[in-house]
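In what follows, a structure is listed as structure tokens, so that the remarks can point back to it.
The values are calculated or read from the model by the stated rules, or taken from the named source; none is laboratory data. The shown structure was predicted, so the numbers you read here are calculated from the model rather than taken from an experiment. Positions of Cβ are backbone-derived with ideal geometry, glycine not excepted, and every protein chain shown enters the neighbour counts. Quick note on the areas: whole protein, heavy atoms, side chains included, nothing else; ligands and nucleic acids left out. Shrake-Rupley method; radii C 1.70, N 1.55, O 1.52, S 1.80 Å.
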Amino acid sequence: MIYSGISASKGVGFGKVVKLKENIISVKKEGATENKDENERYTNAINSYKSRVAILSENLDQKLSVTEGDILRSHLAILDDPEFNNLVLKQIKAGKSAEESVSIVCEGYADTFRSSNDEILIQKIDDVIDIKQGILSMLSGESDPIPDLSKGSVIVGRSILPSILSSLDVSLISGIVSDSGNDTSHSAILAKSMNIPMICGATNVYNKVNDGDDIIVDALNGDIIHLPEKKEVKYYKDIASKYIKDLTELEKFRDINSVTTDGQILNIYCNLSGISDISRFLESDGEGIGLLRTEMIFMNKMAEPSEDEQFKEYLKIVQSAKGRPTIIRTLDAGGDKNIPYLNISKEENPFLGIRAIRFCLKDRALFKRQIRAILRASHYGNVEIMLPMVTCVSEVSEAKAVIEECKDELRKDKIPFKEDIKIGCMIETPSAAIMADELAKVCDFFSIGTNDLIQYTMCADRGNSMVSYLYSVFQPAVLRLIRNICLSAKKAGIKVEMCGEAAANEILLPVLVSLKIDAISVSPGSVLKLRRIINGLNASDCNKIADRVYQMSSEAEIFEYLSSYKNTD
Ligand code: PEP
Ligand code: MG
């Protein structure tokens, strides 16, 4: 029987089912007679849980890296949040038991995250559930349901909590299947670092399998093969060995330049969302960080991170780049990136409202805290600042004035920073693309944000499948804007990069080479694959291909034409 789910950590695993027992800890309902006792029980439980998390995260630091340890350490940040503790203590004061109080508060957080529609907050659901289970088991004295594993175990759970995964012997696990979660959940991030194939969102598989059943986890295609027949085992073994062979082939493209056969360099950078992406970046062989989406650092918190907190996060990322370019984008809040505590007023049309640079120029104090943190981190690496969603020259000039103010303050306080830090902007609105020649006079570099540029040019919401037929980088209108941006950048002698999803589109690469784009910035997993293609391209052939593209008037024609050149892998 074949079930399907979301491929969360690539690979193919073969083995026997080990079902993760559900940790159903009874929640003491009756109100406590003495608030004082319940307060004390809660404080003791939370302290024991914190020590346990500290040990587990240190184990992860040693087994994997500090980045993975930080996933569990983020639980500590929630537990240290005064808001969290106040909410629990308020419930206890109202006469609830410590167990019930913790459950109510954690479930409340989970519900808020669930209804947020926000990928990062949804990712945190497992964390608060993990915290709930952890504190409850400390209160009840019952331990976590850690299963007995033997070599080739495939873990199947209704959900896989990060703390459980961190407690298991990785060398015995050949696959993971979870009924809930998605490819961005913290367990998925851990599974990737542990190199274990994992499938999430495999609805109800838990109920359909039994301990000891044979199972195959094809996390390349998101298929779970329960009780496979002999011929299926052979079929999937072939897929697994082809995958390993491909990976080995790609390794030949590690530690070399991304350069066409006739010597044109097209650097490949990585898009990062925070410290949890560092290990993927380091593995990727990316030549720099082309986009750090700092809003994710804000979304991961319950309140605005202070200048110091931001500085520490940026610093870790900057140091991981070891001198390679690190482009930090200032806060792109608003639009699809809702950060509840910023209280951005409800708008009819958030994508056309107070978003990104518009928000930061309104809330100067918040903007300055971020700029100061970035400037401080710039002392430790090759940092550049990038402004999102710019539509006109005055926004860049205003933002640069704020940056100058921050520099003055830091100088006065004798805090070091990179004096000649480059300041550039995203070109992701049609107005910026049209005004690229003027913007080039006030910017040190451009980075083309195709995700937004396509949506604003085609008037097609990037998340609306009903208009996805219009949402394409191969639309001639979009390609003409991209060409204009690149020509303006080249004329002004500034660098131009591309960091939207289209940068990883293999069939677009000849056009990007012809435009002499300096760098593309993509998700870490795509670096070697794209380098293999770039290293097989010839710039003068690309020029001829692109010349024809600009004569075409339909998306379909361009797509078909460029697809015909995709014989490179
Ligand atoms: C883009 O718009 O292409 C981009 C990279 O920004 P984001 O996806 O974060 O809006
Ligand atoms: Mg954007």
Going through 373, 356, 365 one at a time, which residue ends up being within 16 Å of ligand 1 (Cβ to nearest atom), among the small types (Gly, Ala, Ser) and either within 17 Å of residue 405 (Cα to Cα) or touching a residue at least 24 places away in the same chain (Cβ under 8 Å) (or both)?
356
What residue, of 386, 458, is crowded, with 21+ Cβ neighbours inside 10 Å and either within 16 Å of ligand 2 (Cβ to nearest atom) or closer than 24 Å to residue 271 by Cα (or both)?
386
Residue 268 closer than 30 Å to residue 318 by Cα, β-branched (Val, Ile, Thr) and within 16 Å of ligand 1 (Cβ to nearest atom)
yes
Does any residue of the range 337-347 turn out to be under 24 Å from residue 432 (Cα atoms), of a type outside the set (A, V, I, L, M), away from ligand 1 (no atom under 16 Å from the Cβ) and modelled with pLDDT under 95?
yes
Subset of the range 471-504 [in a loop (DSSP other than H, G, I, E, B), over 18 Å from residue 290 (Cβ atoms) and under 26 Å from the mean Cα position of the chain (by Cα)]
471, 472, 474
For the condition closer than 16 Å to residue 357 by Cβ and away from ligand 1 (no atom under 16 Å from the Cβ), what is the one hit in 385, 403?
403
Considering each of 328, 374, 297 in turn, give the residue that is open to solvent by less than 10 Å² (accessible area, probe 1.4 Å), in contact with a Gly (Cβ under 7 Å, 6 or more places away or on another chain) and either in the same structural domain as residue 504 (by TED's automatic domain parsing) or part of a loop (DSSP other than H, G, I, E, B) (or both).
297
Members of the range 432-464 that are within 15 Å of ligand 1 (Cβ to nearest atom) and β-branched (Val, Ile, Thr):
448, 450, 454, 457
Selection status of residue 351, within 16 Å of ligand 1 (Cβ to nearest atom), open to solvent by 30 Å² or more (accessible area, probe 1.4 Å) and not hydroxyl-bearing (Ser, Thr, Tyr):
yes
Filter the range 463-475 for residues that are surrounded by 19 or more Cβ atoms within 10 Å (Cβ to Cβ), within 16 Å of ligand 2 (Cβ to nearest atom) and in contact (Cβ under 8 Å) with a residue 24 or more places away in the chain and give the result.
473
The range 495-520 - residue that is of a type in the set (Gly, Ala, Ser) and in contact with a helix residue (DSSP H, G or I) (Cβ under 6 Å, 6 or more places away or on another chain) and, of those, farthest from ligand 2 (Cβ to nearest atom):
514
From the list 334, 353, 323, which one is touching a Ser or Thr at 6+ places or on another chain (Cβ under 9 Å) and among the small types (Gly, Ala, Ser)?
353
So, in the range 354-369, of the ones that are surrounded by 16 or more Cβ atoms within 10 Å (Cβ to Cβ), part of a helix (DSSP H, G or I) and aliphatic (A, V, I, L, M), which residue ends up farthest from ligand 2 (Cβ to nearest atom)?
366
Matching residues in the range 508-523 - criterion: being hydrophobic (A, V, I, L, M, F, W, C), in a helix (DSSP H, G or I) and open to solvent by 10 Å² or more (accessible area, probe 1.4 Å)
none
If residue 136 meets every condition in (1) in a loop (DSSP other than H, G, I, E, B); (2) assigned by TED's automatic domain parsing to the domain that holds residue 54 apart from one, which number is that one?
(1)
If you take the residues in the range 410-431 that are surrounded by 15 or more Cβ atoms within 10 Å (Cβ to Cβ) and farther than 26 Å from residue 382 by Cα, which one is farthest from ligand 1 (Cβ to nearest atom)?
430
